[in-house]
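K.L.:
Input: one structure, supplied below.
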Amino acid sequence: MKPGDKVTTERLILRHWDKTKDGDAFFRLSNDPQVMAFFPHRRSREESDQMMGVIANLITENGYGWTAVALKETGQVIGMAGIAAVRDDFPNGPGTEIGWRFLPEFWHQGYATEAANAFLKYGFEVIGVNEIMAFAVQGNAKSFAVMERIGMRLDEAREFDHPSIPDERAELRRHNTYAITRDEWLKQKTAG
């Protein structure tokens with residue numbers, strides 16, 4: 001996904017980050033206490049701006065990553081979603097991960113499911129991966145519900161302790177992994 005590229009759905013535009021216009025939205029996604037409830041810490045504005053730069057550069061280098069999610073109707077950035085490579089040395093790696101994060105006022109409206117379905121299609125049809133996984137802190141029922149809605153299944157053998165969680169947030173360490181293969185996705189697509 002190059003800087004000018006975008007993927008559209010019925011209601012959304014999934015696009016590269018614009019470093020000059022998207023900083024406020026990215027900061028909210030990195031600092032809001034509800035959004036960050038299952039993350040070890042909230043980011044300052046400076047940390048958020050640095051992370052947005054890292055993410056934008058990875059999209060440019062790899063052709064995919066954690067993109068901005070904007071409303072088609074208004075262009076307002078309401079979240080982020082995408083797919084990314086999971087490192088070989090990560091507990092449930094290597095592989096390809098899908099994920100999402102949305103501002104609270106846009107929860108419970110199907111946007112995460114809509115964006116995630118678009119990225120499953122992108123991962124399987126454009127990038128050509130054979131499996132996509134998602135993982136989240138045990139107890140993150142909202143994320144697990146999205147994973148199930150997009151056809152992913154719990155893979156109990158891939159439960160793991162996230163190595164980046166500090167001791168003072170040990171309650172966030174244990175993660176569940178969900179996954180879907182290209183064949184499973186194709187069967188669901190043709191059945192639906």
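The values are calculated or read from the model by the stated rules, or taken from the named source; none is laboratory data. Quick caveat, the model's predicted, so the values are computed rather than measured. Ideal geometry is used to build each Cβ from the backbone, glycine not excepted, and the neighbour counts take in all protein chains shown. These area figures cover heavy atoms from the full protein model, side chains too; ligands, DNA and RNA do not enter into them. Shrake-Rupley method; radii C 1.70, N 1.55, O 1.52, S 1.80 Å.
K.L.:
Within segment 125-139, can one find any residue that is outside any helix (DSSP H, G or I), closer than 24 Å to PHE26 by Cα and aromatic (Phe, Trp, Tyr)?
P.N.:
yes
K.L.:
While we're on this one: List pairs: first residue in segment 121-146 and on the phi < 0 side of the Ramachandran plot and free of Cβ contacts under 8 Å to residues at least 60 places away in the same chain, second residue part of a strand (DSSP E or B) and among the small types (Gly, Ala, Ser) anywhere in the structure, Cβ distance under 6 angstrom, at least six positions apart or on different chains.
P.N.:
Qualifying pairs under 6 Å: GLU131/ALA179; MET133/GLY95; MET133/ALA179.
K.L.:
So, one more: Here is a list: ARG174, ARG169. Which entry is open to solvent by 30 Å² or more (accessible area, probe 1.4 Å), out of contact with any strand residue (DSSP E or B) (no Cβ under 8 Å at 6 or more places or on another chain) and closer than 21 Å to ARG42 by Cα?
P.N.:
None of the others qualify; the one that does is ARG169.
K.L.:
Let me ask you something else. For the list (1) touching a residue at least 12 places away in the same chain (Cβ under 8 Å); (2) under 17 Å from the mean Cα position of the chain (by Cα), I need the number of the one condition that ARG87 fails.
P.N.:
Evaluating ARG87 over (1) touching a residue at least 12 places away in the same chain (Cβ under 8 Å); (2) under 17 Å from the mean Cα position of the chain (by Cα) leaves (1) as the failure.
K.L.:
Ok, one more. For LYS121, all conditions in the list (1) surrounded by 20 or more Cβ atoms within 10 Å (Cβ to Cβ); (2) farther than 22 Å from PHE39 by Cβ hold save one; what is the number of the exception?
P.N.:
(1)
K.L.:
A follow-up question, please. Taking THR113, is it surrounded by 14 or more Cβ atoms within 10 Å (Cβ to Cβ), of a type in the set (Ser, Thr, Tyr) and in a strand (DSSP E or B)?
P.N.:
So THR113 fails the test.
K.L.:
Starting from segment 91-103, keep only residues that are among the basic types (Lys, Arg), then list their pairs with residues that are at pLDDT 95 or above and in a strand (DSSP E or B) whose Cβ atoms are within a distance under 7 Å, requiring at least 6 positions of separation or different chains.
P.N.:
So the pair list comes out as ARG101/GLY79; ARG101/MET80.
K.L.:
Here is a follow-up. Keeping to segment 2-16, report how many residues are over 23 Å from GLY110 (Cβ atoms) and surrounded by 16 or more Cβ atoms within 10 Å (Cβ to Cβ).
P.N.:
Of the residues in that region, 1 qualify.
K.L.:
So which residues in segment 1-20 are in contact with a strand residue (DSSP E or B) (Cβ under 8 Å, 6 or more places away or on another chain) and in a loop (DSSP other than H, G, I, E, B), if there are any at all?
P.N.:
MET1, ASP5, ARG11, HIS16, TRP17, ASP18
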